Structure formats: structure tokens, C-alpha cells
Amino acid sequence: MPPRLLEACNDSGASQTYDENGKPLVPKTIQNYAAELMDVFLPVGYPDSVTADYTPYQVYDSLQAFSSTIAGLLSSRAVLQGFGVGESGSSATAAVLLTVLQESTGRLATILFAHRCGQAIQPECKFYRFLADIVNDAALFLDVLAPALPTYPKVLALCAAGILRALCGISGGAAKAELSAHFAKNGNLAELNAKDGSQETVISLLGMLVGSVFLKFVHGRNAVLAWMVILVSIHLWTNYRAVRSVQMRTLNKQRLTIMLKELNAHRARVPDGMVDWLHPNEIAAKESILFWSKPKISFADRLPEDGDITPDDLSEFTNVPYVIVTRNEHKTIWLKQHAKDIDVITAWAQACSQQPYIPSIWYRSLKRAGWDVQTNALETGSRIRIVVDEGSGSGDEENKKEI
């Protein structure tokens, strides 16, 4: 009997069986149509092609986008009123000049913010993702309040709103890119971003339809402010829940500090230093989104000056890839040349716990617990490396070692 086609299926689970002549045996089922519809908005192979925290994040992210779209329509109407639309004494030229001023201040703020905070967004993407929505909502309130203000305060309010909206664009866009890279499992980052755009488009369309009803029935300053408070509250709460559900696998300063506190509290139960019980989901449950008590520790972000690193400091940290300098109860970590990512982690651990850690043990422990130890998420500023002569004093090149 010659070979024949029996069944075919796709990544989404939709399948079709065939008869002995290779023709479809039964028509597509409702499940097949549902799977094809899901393919339009979800990555191929969902949920196996994304991390486990992708679904709760997207649910809350869709809810926040819905409320934000409605609030944005109310804000847009207020902006047009602030530009003088509908007033007999207003001119198109004045409105255009005000728009140019608002856009110019926003773009200048974009350049400055990207320069000052660009490196910090990736390690602290959850913080900056939530911060983006806070400043965006603040911009919406300024837009709503602007029409009731006199001329000059109105100009200042609209420019401030433009600046806040620019900060939202930079921090939100960069943080979202890092979150997308976290969610993608099978090299499907581009598709995940494309599908996320499709989801946002549908949610925005629904929000615009509902928002059109709001624009028709919600008038008056008090009514607009009341609804803005409600919508912004929903927006911030759903955003907080979305960010809260993310379980990042990189170790930034906060996550590593939480791990160290847990390790020190349970040191008697882990005599070999292995900490495989500290998984990303456990740390995420303890992680703070906006505020946490930072230890007085920092990585050097400028070239050393006279007195920053003394010979005694270098002698204390011989043959280790970092130097920890303590001044006025503040510790500065100077990383030596060729320091690896795991060395950055152990340097912070020693500065925080005041005891050395063995990088090889930490590497195995963190990898086994599901952490990404190949991404440096601790240094959030300019990365400084120093070269130290660690010879015995003979002056020979053989006694010089770069770490």
C-alpha cells in the first residue's frame, strides 16, 4: 500500500485529518477557527513560545491601554480647547506656534532623558515601565487643566505636558523592548512585537469607540476631572498589576540585594552556598516597583582621581577582579579589567554582605535557579575598568596581572 497523508497540524494546535485519497476528512471545527483567530494576535506556538508571565502581563496591559485610550480622548479635546479651537478670538497661527513650542520642548527633553537614563532602563525596566505611565497620566491631567488657566500658565502647562509625554515615550518604549526580549523564548522577538502591536490596535479601537460616547456625554470641568481621576486610577492599577506579574531573570541591584538578605537569613540551611531555592518568581514577589531602601553601595561611573583608590585598598583586594573602597560609610566598587559578569555579581554581594563569595559556586547556583548570569544588570551608568599591577614587586612583566 503506498504512503498516504493522514493528518496535519500547525503550531497553534489546529489539525486536519485526510481520507485515503488525501482529501480533508471533516471540515474545520470551531476549535480550528478559534486557533486561527488566536494566531492573529498571539505569537505562534503560544503559550509554549513565551514565558509563563506573558499572559498575565498582556491581560493587564490590554486593560490599561483601554482606559488610557479613553482618558487620552478627553485629554485631546482639552488640548484643542487650550489651543483655542472654537473661540472666535483665537488664530490658527497662535495654535501652530503653541504646538511647535510644545513639540520642541518635548524633543529636547527626549534627548536629555535618553542621555541621562538610557543605560539604567534595561536593568530597571519594571520601574521605568511603570514610571512611563505615571508621567503620561500627569501629562493628561495638565492637558485637561490647561484650558482653565491664563495665557502664560497655559503655555507652561502644555509645554510641561509635552516634556512628560516625551519622558513616557523614551522610558516606556525602551522598557517595553526589554520586556519583550524577556517574554520571547524561541527567537520570536520580532513576531512577538508585531503581535503586540496588533493587540494594541484592537484595544485602542475599542477604547476609541467607548471614548466617543464619553466625549458626547461628559462635559463640564468637574465631570471631566472626575472621569479622569477614575480612568487614571484604573490605568495605574492595571499597569502596576502588569509590571508586578513580570518575573525578570536578570539580577539588578534590588533583586540581588533581596537574594542576599534571604541567603544570610537561611545560611545555616545552605552550608555549601548553593541557593537554588531562590527562583525568579520568589524574588519577584518580594520586589518593589517604585521604592526600595538602597544600600550605600555604587559602581564607579567616572575615572578615578587622586585619593579615590589607595595602595591599601589595592592590597586588600589582590588577585580578585574588583576593589571595594569605603569612604564615609559609602562603598564604591571599582571593577578591574576583564572582570566577568559573574564577578560584577560577586563584587556587589561582598560589598553588601561584607564577606567574599566564590564566583564558581554562585554561577552554578544562579544558573540552576533559572537566573541569567550572562547579562550585566547591575551597572546603570558609565562602566569604568581599572588595570592594576599585582606583581610581587620585582617589576617583571611576568608579575603583572590584569584582572
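Before moving on, here are some points about what is shown:
- In the range 187-204, the residues that are under 14 Å from Val44 (Cβ atoms) and small (Gly, Ala, Ser) form Cβ pairs under 8 Å with partners that are assigned to a helix (DSSP H, G or I) and open to solvent by 70 Å² or more (accessible area, probe 1.4 Å), at six or more places apart or across chains, as follows: Ser198/Val40.
- When the range 343-374 is limited to residues that are of a type in the set (Ser, Thr, Tyr) and modelled with pLDDT under 85, the one that is surrounded by the most Cβ atoms within 10 Å (Cβ to Cβ) turns out to be Ser365.
- Sub-8 Å Cβ pairs linking a first residue in the range 226-240 that is over 16 Å from Phe130 (Cα atoms) to a second residue that is open to solvent by less than 80 Å² (accessible area, probe 1.4 Å) and not in a helix (DSSP H, G or I), at least 6 apart or interchain, are Trp227/Val218, ordered by first then second residue.
- Of all residues in the range 375-394 being more than 22 Å from the chain's Cα centre (by Cα) and surrounded by 13 or more Cβ atoms within 10 Å (Cβ to Cβ), the one that is nearest to Ser298 (Cα to Cα): Ile384
- Number of the exception - Thr99 against (1) among the hydroxyl-bearing types (Ser, Thr, Tyr); (2) under 27 Å from Leu225 (Cα atoms); (3) at pLDDT 85 or above: (3)
- For the range 321-339, the set of residues classified as surrounded by 16 or more Cβ atoms within 10 Å (Cβ to Cβ) and not hydroxyl-bearing (Ser, Thr, Tyr) consists of Pro321, Val323, Ile324, Val325, Lys331, Ile333, Trp334, Leu335, Lys336, Ala339, listed by residue number.
- Checked against the criterion of being acidic (Asp, Glu), part of a helix (DSSP H, G or I) and at pLDDT 80 or above, the candidates Asp61, Asp48, Asp39 yield just one match: Asp61.
- Scanning the range 354-385 for residues that are without any contact (Cβ under 8 Å) to a residue 24 or more places away in the chain and part of a helix (DSSP H, G or I) yields Pro359, Ser360, Tyr363, Lys367.
- The condition (being at pLDDT below 85 and among the polar types (S, T, N, Q)) is satisfied by just one residue among Asn239, Asn252, Asn264: Asn264.
- Unmet criterion (only one of (1) at pLDDT below 90; (2) surrounded by fewer than 19 Cβ atoms within 10 Å (Cβ to Cβ)) for Val229: (1)
- Among the residues of the range 40-60, the ones that are surrounded by fewer than 19 Cβ atoms within 10 Å (Cβ to Cβ) and in contact with an Asp or Glu (Cβ under 6 Å, 6 or more places away or on another chain) come to 2 in all.
- Unmet requirement for Thr318, which otherwise passes all of (1) open to solvent by less than 30 Å² (accessible area, probe 1.4 Å); (2) part of a loop (DSSP other than H, G, I, E, B); (3) not basic (Lys, Arg): (1)
The values are calculated or read from the model by the stated rules, or taken from the named source; none is laboratory data. Please read all numbers here as calculations on a predicted model, not as lab measurements. Ideal geometry is used to build each Cβ from the backbone, glycine not excepted, and the neighbour counts take in all protein chains shown. Ligands, DNA and RNA are stripped out before the accessible areas are found, and what is left, the full protein with its side chains, is counted by its heavy atoms. Shrake-Rupley method; radii C 1.70, N 1.55, O 1.52, S 1.80 Å.
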